[in-house]
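Here's the structure, in structure tokens; my notes come after.
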Amino acid sequence: MHDSKQRQRRTAAQMFPLIEQYLARADDLTQTAFCKQEQLPDAVFYYWLKRYKNQHDSVADATLPAEPTRSASRFLAVDLPVAGAAVSAVCEIEFPNGVRARFTNAADAISVLERL
């Protein structure tokens with residue numbers, strides 16, 4: 001028995017401009033709201049967003065100069081002052097999903113980093 005809804009095949013030429021519209025407005029529009037506005041199933045949006053980012057990341061990587069040495073880890077070593085030392089700077093960590101953690105107290109930053 002066939003489903004009454006027929007699958008609509010979408011192409012990169014159709015979807016990448018939609019993804020770019022979303023990315024231009026991502027600061028003030030959630031993915032879910034954008035999908036509702038465009039009458040686009042969430043799963044379809046996520047699929048094309050991933051393809052868009054993969055394609056554009058690989059293009060950006062190809063145009064960047066190669067790093068001289070790179071360890072297998074994608075972590076960056078951070079030297080922090082000893083706990084209890086006077087610190088006037090703010091420590092800020094930005095995660096890949098856009099979440100930022102800010103610390104004005106070095107002890108708090110060290111405590112959080114030790115748990116990561």
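The values are calculated or read from the model by the stated rules, or taken from the named source; none is laboratory data. Quick caveat: nothing in here was measured; it's all calculated off a predicted structure. Because the Cβ atoms are built from the backbone with ideal geometry, glycine has one as well, and the counts that use them run over all protein chains shown.
Looking across the range 26-57, the residues that are under 18 Å from ASN97 (Cβ atoms) and exposed (fewer than 12 other Cβ atoms within 10 Å of the Cβ) come down to ASP27, ASP28, THR30, THR32, LYS50, ASN54, ASP57. Listed by first and then second residue, the pairs with beta-carbon distance under 7 Å, at least 6 apart or on different chains, first residue in the range 17-39 and farther than 17 Å from GLN55 by Cβ and in contact (Cβ under 8 Å) with a residue 60 or more places away in the chain, second of a type outside the set (A, V, I, L, M, F, W, C) and part of a helix (DSSP H, G or I), form an empty list. Looking across the range 95-116 at every residue that is within 28 Å of ALA26 (Cα to Cα), loosely packed, with under 11 Cβ neighbours inside 10 Å and modelled with pLDDT under 75, the one that is farthest from the chain's Cα centre (by Cα) is identified as LEU116.
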